[in-house]
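Working notes, beginning with the structure itself.
The values are calculated or read from the model by the stated rules, or taken from the named source; none is laboratory data. Remember, it's a predicted structure, so these values are computed and weren't measured experimentally. Here the Cβ positions follow ideal geometry from the backbone for every residue, glycine too, while neighbour counts run over all protein chains shown.
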Amino acid sequence: MFRKKSDEQAQSMTDWAMDAPAPKPTAPKAPDPDVRKRNVSVIGPTLRFKGELQANEDLVIEGEIEGSIAHQDKNLTIGRQGRVNADIHASVVEIMGEVEGDVRGDELVKLHKTAVVRGNIYAQRLVMEDGANFSGSVDMERKAPLRSASTSTSASVSTTTKQEALKRANLSVAEGGSHLITGGS
Amino acid sequence: MEAERSESLTHDGTGREPAASREAFKPGEYGPSIIGTTVVMRGELTLAEDLTIEGTFDGSRIDGAKNLAIGARARVRAHIQGESADIAGTVDGDFAGTGTVVLRRTARIHGAISAERLRVEDGTNLENAVLCGRISLTDE
């Protein structure tokens, strides 16, 4: 509750469309040029990295990566120019570039029309756009979701991402509200 | 100094927006490379653009960074070759640059820094550092 301001801001920065809004709206602050608006890491188009990469924030890859990518419950985007020769693990994986390796998305794997994927996909939900190039197998076996247990009750079959995000938002707003009351008394 | 720093970091000639106004995150529209605070990289990295490291890089080398910014919470273990650098974090390794290196007060250097020009902030701890180049002290 009494987190430092910077922590709170960092938290709100990591929320994006898929995540629940912060329980308490933070007052708008004067823009600080040194603080990035969103916690998004970018691997630029000229970057080539060999090795292992771990992250707990949203990551966009436009460069070349060889090795392994281990993400926690965040989003990974492989941009149009991105070329990845690695096993990937993240919550939401969006692919617009080339991937050679297994792709594991705890929540969603989305192949855009420019995607070229050679490897297996393990995901609860899979979206493949017309034109996407994929060779490998798909395993959509349902496991316990990565997030809190409360979401698993509401995580029945939902048709669209938006609906699920909304549902989750309601849920955690309610939780946040009760937390606020108990915290205030 | 501050203005110069931000200028050097966004100087890529593509007219990209400054980081602060990049609010709406759309895949396909992003600025220069950023290794964020929660990122841990082990390996070797080559590039030909600006790079900001705020996380951990534990590897052998970083080659070709044009303007390298190492944030105050960053920890970098690598031999680095590049142009210019602005170092506020921990660097364990050597840096060989052709441009200007700015060492901030919070910087911790374990290695040799060589560059055309070096600017060292007043109060910087250079206990384990070797500096080669034209050095000037700044008070900002």
The number of residues in segment B:61-91 that are within 12 Å of B:VAL101 (Cβ to Cβ), more than 8 Å from the chain's Cα centre (by Cα) and β-branched (Val, Ile, Thr) is 2
How many residues of segment A:92-125 are surrounded by fewer than 19 Cβ atoms within 10 Å (Cβ to Cβ) and within 12 Å of another protein chain (Cβ to nearest Cβ)? The answer is 1
Going through (1) touching a residue at least 24 places away in the same chain (Cβ under 8 Å); (2) at the interface with chain A (Cβ under 8 Å from one of its Cβ atoms); (3) touching a strand residue (DSSP E or B) at 6+ places or on another chain (Cβ under 7 Å); (4) hydroxyl-bearing (Ser, Thr, Tyr) one by one, B:THR37 fails only at (3)
Filtering segment B:54-94 down to residues that are of a type in the set (Gly, Ala, Ser) and either part of a strand (DSSP E or B) or more than 14 Å from chain A (Cβ to nearest Cβ) (or both) yields B:GLY59, B:SER60, B:GLY64, B:ALA65, B:ALA69, B:ALA78, B:GLY82, B:SER84, B:ALA85, B:GLY93
Does at least one position in segment A:83-91 carry a residue that is at the interface with chain B (Cβ under 7 Å from one of its Cβ atoms) and at pLDDT below 95?
no
- Task: Within segment B:95-116, identify whether any single residue is surrounded by fewer than 23 Cβ atoms within 10 Å (Cβ to Cβ), of a type in the set (A, V, I, L, M, F, W, C) and not in a loop (DSSP other than H, G, I, E, B), and answer yes or no.
- Result: yes
Q. Can you find even one residue in segment B:42-53 that is within 14 Å of chain A (Cβ to nearest Cβ) and in contact (Cβ under 8 Å) with a residue 60 or more places away in the chain?
A. no
By residue number, the members of segment A:22-80 that are within 7 Å of chain B (Cβ to nearest Cβ), part of a loop (DSSP other than H, G, I, E, B) and either under 24 Å from B:ASP86 (Cα atoms) or at pLDDT below 90 (or both) are A:PRO31, A:PRO33, A:ARG36, A:LYS37, A:ARG38, A:ASN39, A:GLY44, A:THR46, A:LEU47, A:GLU57
Q: Taking B:GLY71 as the residue in question, decide whether it is on the phi > 0 side of the Ramachandran plot and at pLDDT 90 or above.
A: no
Quiz item: Condition test on A:ALA165, is it out of contact with any Pro (no Cβ under 9 Å at 6 or more places or on another chain), outside any helix (DSSP H, G or I) and modelled with pLDDT under 95?
Solution: no
For segment A:109-118, state whether one or more residues are modelled with pLDDT of 95 or more and of a type in the set (Gly, Ala, Ser). yes
